[in-house]
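Chemist: Provided herewith is a single structure, encoded as structure tokens, for subsequent inquiry.
Since every read-out is calculated from the coordinates, none of them should be taken as a lab result. Note that this is a predicted model, so its numbers are computed, not measured. As a convention, Cβ positions derive from the backbone with ideal geometry for all residues, glycine included, and neighbour counts pool all protein chains shown.
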Amino acid sequence: MNVAIDSMTCPKANVLNTDHLEMCVRTAVEKSWASVAPCWPLQHFIAANPLAGFEHLSFDQALQQGQAYFCQKDLPTAMHAVNRESIKWLKAFFDVGQSTLAMPLRHQGLLPCMMQLMCYDKYLNRHKDQIEFWLQKDHKNPESLIVCMLLYLGVAETEQKAFLTLMLATLPGWSAYVKYQTDWADKQISVVTPSEYFAFRLLITCLLWPEAKQLLDWHQQALKNNEATKTLTQLKDNERAHQKKLLEKLAMAESTTKPDLLPEVQMVFCIDVRSEPFRRAIESQGNYETFGFAGFFGVSIAISNTILGKSHASCPVLLKPSHQVTDKPNGVRDNFTKDQQRSKSLKLIYQSLNYTFSTPFSLAEIMGVAYGAWMGLKSLMPRMFAYTKARICAHRYQHHELVTDCADIPLEQQIELASNALKLMGLTERFSPLVVLCAHASSTQNNAFASALDCGACGGNPGAPNARVLTTILNHKEVRNALNRQDICIPDSTLFVAAEHNTTTDAVDIFSQSIPETWQSVLSSLEQNLLKAKERNARWRMSQIKTNVITNNPIQHTILRSEDWAQVRPEWGLARNASMIIGPRSLTKGSNLEGRSFLHSYDWSTDFEGKHLHTIMTAPMIVAQWINAQYLFSTLDNVAFGSGSKITHNVVGKLGVMQGNASDLMHGLPLQSVFQDDKSPFHQPVRLTVVIYAPKERIVTIIEQEALLNQLISNAWIHIICFDSSTHQPWQLNRGFIWQKID
């Protein structure tokens, strides 16, 4: 379409107060940007509420707004054209190593880079006069550019916030990733600002669709056609049924007093819902006591892996790492690191040959037969493939257990970490001879969303390093002496050991290399019982997967699912999560909670000022709500809030997935993570119900102190139930913060 240059000179900007216009734009940018939730990259995929930007509204209103903004399948044709061009540029700009040839000028930032390169875009250059006009504008002041483009599009000052929100909502996946870049990513490497992103989107809009103001009318029609009422009715029915069933089980709980017999082993698991059935399985095997605690074990660290040459934060995204630690192999031979570096270099060479446009055909000629045989083995005999690969690796490298070096953490801070962790998990007395801190991870093949199955509390990474750090600290003699002065008396005979629970296979790897001989008998007995628990839980997991395979060896079946690169559903992850229980294990022990509850240990009687409950409600509970919301909305609309079927996924830039080669960046869970088949949901959409075993007054005080908790609960994003510690009766907190007894 041709537009005269005279119509683009924005004459109004010459007579109006430019500073006022730019201030209005900044306000509109800030308010519209607040409606978008972040989306983390695949490397450390973190669950997030896709409607977090609407949490200031009641859940009912937020669902209506969310459907109107994000669940529309009838975008105007011209907007689809704008989105296609935006996607083309964004996936090249944000690529993190998938393409061999990197986009030039990226270091200058999104807007400067685009404005220098767009003149070479053949498609956009069909509008030569317009593109020359806009590219002459000052890109160093994106707000000024936005003012000019909004005037050109005819968007009034009162309409700016709504229109800019639609610029985000019509390409929600990429907007969510940019939100991550601006608000959560390392600021030292961030190459985009909210205003730059808006200027980029508006620039393409002005070039391709000058009548884009029509989006405002389109959105008003979408609000009128909203169908949120039916969804809400079904959601509330699901919640009532789950709460009734859950409270019936808790009402049958045994006495909350501690038993006289000291447990043979105590094990601390992540609060992850996948830990709940495994905890029941291991407790049934002997005199074992289990605890639930956030999987990073209260240790906010950044980990440098000397083998892989990589570093990552291993703590919740709500926190920043407080300490730097190093993972290194124990007893490494001299040439081990050189072998690893050589292997890494070969992989880089292969990738460059495979993805450079001039070499893939010659690579196929050279390696075709060998690679075909390797792929055939991987496809037809995945168990044989895994065995062969393991033998090759064992031949090339010795097996070395990793050791996490935490010597750089000052003693005073080690004492504080140990004290806080033990108090929060409620383990301050009656220590067993062996205490196992059991982190968790997963193992799958060909799975773009592998990090979504790892520990969310560790930033979408395996949690073993955190467990190793805390066990090292708790075994430190000087730390124990200091804890003793705080009335936390750990016997000299108690040993802390780190372990890792593989949630895909239910294998538990105890890092036992440094365990003295005196504990070997206890350790041997524990390992045998862990195998029994593994088989019991694997059989239950098979029933959940609803596989058609008939086998007498459920362990082998779970292993096969983790090693098969064609497997789209290796495990259910946190699907069907519905509740969080904050209280002693005696409240839930013996109850089959069906892997639907986050279990956080808490003893209100030792938390005299409520500080521990305050920490649990403002950190782990918030993370659980994020997880719950992502599973809920990924099930309600797997296209708008999820990522669609894995079968048609296309990994883009190593940062996310698209459907095909030109879709929006998909920013939720895959269909196979929440559906049994294409039409039958496995996850039951419910809001998180939090049951707290503590005095009612303490709970309300904490909620009133925290604005975020107040907002989530008063707007019905979370249901709070108090299991009264004195009467053992359940009470529900309504939106007016008044307790109502549940009959």
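Chemist: Write out the trypsin sites (Lys or Arg not before Pro) in the range 99-154 meeting two conditions: DSSP loop, and at most 14 other Cβ atoms within 10 Å of their Cβ.
Modeler: Details: sites: ARG106, LYS122, ARG126, LYS128, LYS137, LYS140; in loops: LYS122, LYS137, LYS140.
Those satisfying the criteria are LYS122, LYS140.
Chemist: What FRET efficiency, computed as 1/(1 + (r/R0)^6) with R0 = 35 Å and r the Cβ-Cβ distance, is obtained for LEU216 and ASN125, rounded to the nearest 0.05? Provide the component values of the computation, followed by the final result.
Modeler: Values: r = 29 Å, r/R0 = 0.83.
Plugging the Cβ-Cβ distance into 1/(1 + (r/R0)^6) gives 0.75.
Chemist: Using the Karplus equation 6.51 cos²θ - 1.76 cosθ + 1.60 (θ = phi - 60°), what ³J(HN,Hα) coupling, rounded to whole Hz, does each residue of the range 453-466 give in order, writing x for Gly and Pro?
Modeler: Listing the rounded values in order: 9, 7, 7, x, 5, 9, x, x, 10, x, x, 4, x, 5 Hz.
Chemist: In 10 Å bins starting at 0, how do the alpha-carbon pair distances of the range 5-226 split up by percent?
Modeler: 7, 33, 38, 19, 3
Chemist: With axes computed from alpha carbons, what is the tilt in degrees of helix 411-425 against the longest principal axis of the chain, rounded to the nearest 10 within 0 to 90?
Modeler: 80
Chemist: Going by how many other beta carbons lie within 10 Å of each one, how would you line up LEU669, LEU75, LEU168, fewest first?
Modeler: Values: LEU669 27, LEU75 15, LEU168 24.
In increasing order of surrounding Cβ atoms, one gets LEU75, LEU168, LEU669.
Chemist: Go ahead and estimate [θ] at 222 nm for the chain from helices alone: -39,500 (n - 2.57) per DSSP H run with n ≥ 4, summed, over the residue count, rounded to 500.
Modeler: Working: 26 runs with 331 residues, N = 743.
Estimated from H runs of four or more residues: -14000 deg cm²/dmol.
Chemist: Let me ask something else. Once the Cα atoms of helix 18-33 and of the chain are each reduced to a long axis, what angle between those two axes, in degrees from 0 to 90 to the nearest 10, is obtained?
Modeler: Taking the Cα atoms of the chain, the angle to 18-33 is about 40 degrees.
Chemist: Given points 7 Å out from each Cα along the Cα-Cβ axis, report the ASN238 to ASP186 separation in nanometres with one decimal.
Modeler: 3.8
Chemist: Could you list VAL96, VAL623 so that the one with the fewest beta carbons within 10 Å of its beta carbon is first and the one with the most is last?
Modeler: On the way: VAL96 12, VAL623 22.
Fewest-to-most Cβ neighbours within 10 Å comes out as VAL96, VAL623.
Chemist: Here is the link list: LYS389/LYS646; LYS236/LYS679; LYS245/LYS611. Which ones come out longer than 23 Å on Cα distance?
Modeler: Working: LYS389/LYS646 25 Å; LYS236/LYS679 21 Å; LYS245/LYS611 31 Å.
Over 23 Å apart, Cα to Cα: LYS389/LYS646; LYS245/LYS611.
Chemist: Can I ask one more? Could you give the nm distance between label points at PHE608 and LEU708, where each point is 7 Å from its Cα heading toward the beta carbon?
Modeler: My value for the distance between the label points is 2.9 nm.
Chemist: Once the Cα atoms of helix 172-183 and of the chain are each reduced to a long axis, what angle between those two axes, in degrees from 0 to 90 to the nearest 10, is obtained?
Modeler: The angle comes out at about 70 degrees.
Chemist: Something else about it: Please work out the ratio of the alpha-carbon Rg of the range 460-591 to 2.2 N^0.38 Å and round it to two decimals. List each step's numbers first, then the result.
Modeler: Numbers: Rg = 18.7 Å, N = 132, 2.2 N^0.38 = 14.1 Å.
Expressed relative to 2.2 N^0.38 Å, the Cα Rg reads 1.33.
Chemist: Moving to a separate point now. Taking θ as phi - 60°, what are the ³J(HN,Hα) couplings along the range 57-62 by the Karplus curve (6.51, -1.76, 1.60), each to the nearest whole Hz, with x for Gly and Pro?
Modeler: 9, 5, 4, 4, 5, 5
Chemist: Counting other beta carbons within 10 Å of each residue's own, what order do SER32, SER300 fall into, fewest first?
Modeler: Values: SER32 23, SER300 18.
So the ranking, lowest neighbour count to highest, is SER300, SER32.
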